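One structure below.
The values are calculated or read from the model by the stated rules, or taken from the named source; none is laboratory data. Just so it is clear, the structure is predicted and the values come from calculations on it, not from any experiment. Here the Cβ positions follow ideal geometry from the backbone for every residue, glycine too, while neighbour counts run over all protein chains shown. To get the accessible areas, we keep the full protein, side chains included, count just its heavy atoms, and leave off ligands, DNA and RNA. Shrake-Rupley method; radii C 1.70, N 1.55, O 1.52, S 1.80 Å.
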Amino acid sequence: MDFYEISSLINLLTSIVIGCLIFLAEPRNWVNRLFFLFAAALSLWSFGFFMWQISSDADSALFWTRVLMAGSIWITPFYLHFISYLLKYKNGVTVLIKTGYLFALIFSIANWTPFFISGVVPKGGFEFWPEPGLLYHLFLFAWVIYVLAPIVLLAKRYWHADTDQLKQLRPLLIGTIIGYSGGVTAYFLWYDIPIPPFGVISASLYIAFVGYAIAKFQLFNVKAVTAQLLTLVLWLVLLVQLFSDSTTREQITTGVVLAFTLLVGGFLIRSVDEEVKQRKRAEKLSKDLAKANARLKELDKMKSEFVSIASHQLRSPLTAIRGYTSMLLEGSFGKLPAKATDAVNRIAESSRYMATSVEDYLNVSRIQSGNMKYDMSEFDIKEIAKKIVEDMRQEATKKGILLSFRSQADCDCLVQADVGKTRQIIQNLVDNAMKYTKKGSITVEVQSTAKPKRVRINVVDTGIGMSAQTLDRIFGKFERARNANEVNVTGTGLGLFVAKKMTEDMGGTVTAASDGEGEGSTFTIEFPYIR
Ligand code: ADP
């Protein structure tokens, strides 16, 4: 066998195998169908080529060159259709594809007349080289256009591709260019240019590259089909062997091997199929999940935005209410009757709770959007705690609670943090202690350790306490204990969530302890101190 016979045989085999493999991987996908048509045209061309090469007389050589051309005519329009479908090109290309098919149809008919190939003559070392008829020149002109079109489409897409697309486009572009550059060499001798069709072997590379580009994205299907085809070939070989075996002994051996391969092969095919199905299910599931997740994130963002806007709107009227109630209580508008003082006091208290809640909502939305800002400086945390206790003592006394401050700290207790936020955190812990203590005492104690240098502020109360389960949850968003609702229904369950987040952002910790419900609670914040 010479080079051309081997080349065309290899081309024939690769295009049949790859074409069938890709088609069977997803027979209902148009990408695979069009690829199959392209592979079929290539196979017909390769087959015709091979037969032409082994022809021994002029008549059969002419016949086989016509078979060869019958395949060749359809390669370019099928390939253009395949590429434009794969890349989802529409406008303009549809007309080109339709015209391509129309021409291919006309050429296919003309192919069997002398207008296309007028005969065969010895040329360039070939015994029967075809002579072009009149229409052949038109065919070659169209061929050039239909070769360039998919290359242009691919190149255009290539410039704007992201990394994922590039992975698929690269083998396509390389394959197309290699394939058609080789294909060009087939045409020189027709015009008496002494270049032999040495490039025809590139057709194998062409189809291999393009097949690979598809297989990469339908990997599991292609694997499954390969397993099926290989098993089938094995069965066929064994079957042929069975019939060609001459002795009964050989037949029994082959029969046993065949039965065994049938069993194992069947099992293999089933399990690969099952795996492919599972993969598909998993892929679909993960796509659905990703969609749902994106939607949830969007909703969460919308919710935070809504809360932020609503809270801002609430803040200004609240400031006015609180300002005027405090002026009323101070007597700025004349002395209030005793009954009215009581009512205004309630307004003042409720609006203070409301202001804290609004502040909590705003803080949560700042935390979620990552907009919480900290203005760090050095200050004495002990003094802050002491001042808070002094400010709140009157309110505590009114409720019959003994609020006291004690410092056992052995440091200047200078910490590096945001003063305003630290004050807010301690205030929040003392507020909670007041809310959840009906009678008894609240003590704010400051302690320190030298190694490591840490200062601790304990807010110890004799209030409703917490169970072990409650302790686990209270720092979460919107978490409130059952016993908290009984004592105080106005809470949001956000204060501790915000306090924890802010303390940790500033390099501190906050913890809670309680011996159980009714046993009082201790909340502790801890910061490293500078001196
Ligand atoms: P809120 O007080 O608005 O409900 P917080 O986040 O400040 O929200 O507190 C969360 C929960 O922790 C409270 O609902 C309550 O169950 C519990 N809690 C907080 N402080 C105390 C305390 N000093 N004693 C008992 N339970 C407390």
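Of all residues in region 433-448, those satisfying the criterion of being open to solvent by 10 Å² or more (accessible area, probe 1.4 Å) and closer than 27 Å to GLU378 by Cβ are THR443, GLU445, GLN447, SER448. Screening GLU445 on (1) part of a strand (DSSP E or B); (2) of a type in the set (D, E, K, R); (3) within 9 Å of the ligand (Cβ to nearest atom) shows it passes everything except condition (3). The set of residues in region 221-257 that are open to solvent by less than 70 Å² (accessible area, probe 1.4 Å) and either within 19 Å of PHE36 (Cβ to Cβ) or among the basic types (Lys, Arg) (or both) comprises ASN221, VAL222, ALA224, VAL225, THR226, GLN228, LEU229. Restricting attention to region 496-523, the residues that are more than 11 Å from the ligand (Cβ to nearest atom) and of a type in the set (Ser, Thr, Tyr) add up to 3. Every listed requirement among (1) more than 8 Å from the ligand (Cβ to nearest atom); (2) out of contact with any Pro (no Cβ under 9 Å at 6 or more places or on another chain) is met by THR470 save one, (1). For region 449-456, indicate whether the set of residues that are among the hydrophobic types (A, V, I, L, M, F, W, C), within 16 Å of the ligand (Cβ to nearest atom), crowded, with 20+ Cβ neighbours inside 10 Å and outside any helix (DSSP H, G or I) is non-empty. There is no residue in region 449-456 that is among the hydrophobic types (A, V, I, L, M, F, W, C), within 16 Å of the ligand (Cβ to nearest atom), crowded, with 20+ Cβ neighbours inside 10 Å and outside any helix (DSSP H, G or I).
Of all residues assigned to region 57-68, none qualifies as being modelled with pLDDT under 90 and not β-branched (Val, Ile, Thr).
When every residue of region 475-495 is checked against the conditions, none turns out to be touching a helix residue (DSSP H, G or I) at 6+ places or on another chain (Cβ under 7 Å), within 8 Å of the ligand (Cβ to nearest atom) and modelled with pLDDT of 95 or more. Of all residues in region 430-442, those satisfying the criterion of being at negative phi, outside any loop (DSSP other than H, G, I, E, B) and either within 50 Å of the chain's Cα centre (by Cα) or within 12 Å of the ligand (Cβ to nearest atom) (or both) are VAL430, ASP431, ASN432, ALA433, MET434, LYS435, ILE442.
Name the residues in region 146-173 that are assigned to a helix (DSSP H, G or I) and open to solvent by 70 Å² or more (accessible area, probe 1.4 Å), would you? Selection gives LEU148, VAL152, LYS156, TRP159, THR163, ASP164, GLN165, LYS167, ARG170. For region 168-192, the tally of residues that are closer than 18 Å to ILE117 by Cβ and out of contact with any helix residue (DSSP H, G or I) (no Cβ under 7 Å at 6 or more places or on another chain) stands at 5. Among the residues of region 202-219, those identified as open to solvent by 60 Å² or more (accessible area, probe 1.4 Å) and in contact (Cβ under 8 Å) with a residue 24 or more places away in the chain are LEU205, PHE209, TYR212, LYS216, PHE217. If you go through region 494-514 and pick out every residue that is in a strand (DSSP E or B) and not polar (S, T, N, Q), you end up with 3. Taken over region 92-128, residues that are open to solvent by less than 40 Å² (accessible area, probe 1.4 Å), of a type outside the set (Phe, Trp, Tyr) and more than 14 Å from LEU138 (Cβ to Cβ) amount to 5. With respect to the stated conditions, GLY463 is within 7 Å of the ligand (Cβ to nearest atom), out of contact with any helix residue (DSSP H, G or I) (no Cβ under 6 Å at 6 or more places or on another chain), within 23 Å of LEU402 (Cα to Cα) and not in a helix (DSSP H, G or I).
Would it be correct to say that VAL460 is open to solvent by 30 Å² or more (accessible area, probe 1.4 Å) and either under 46 Å from the mean Cα position of the chain (by Cα) or modelled with pLDDT of 95 or more (or both)? Judged against the criteria, VAL460 is a match.
Condition check: closer than 19 Å to GLU26 by Cα, surrounded by fewer than 11 Cβ atoms within 10 Å (Cβ to Cβ) and among the basic types (Lys, Arg). Does ARG270 satisfy that? It is true that ARG270 is closer than 19 Å to GLU26 by Cα, surrounded by fewer than 11 Cβ atoms within 10 Å (Cβ to Cβ) and among the basic types (Lys, Arg).
Any residue at all in region 177-194 that is of a type in the set (Val, Ile, Thr), farther than 26 Å from ARG66 by Cα and either in contact (Cβ under 8 Å) with a residue 40 or more places away in the chain or open to solvent by 70 Å² or more (accessible area, probe 1.4 Å) (or both)? No.
Suppose we keep only residues that are of a type in the set (Gly, Ala, Ser) and out of contact with any Leu (no Cβ under 8 Å at 6 or more places or on another chain) within region 252-302. Which one would you say is farthest from LYS477 (Cα to Cα)? Once the filter is applied, the top-ranked residue is ALA259.
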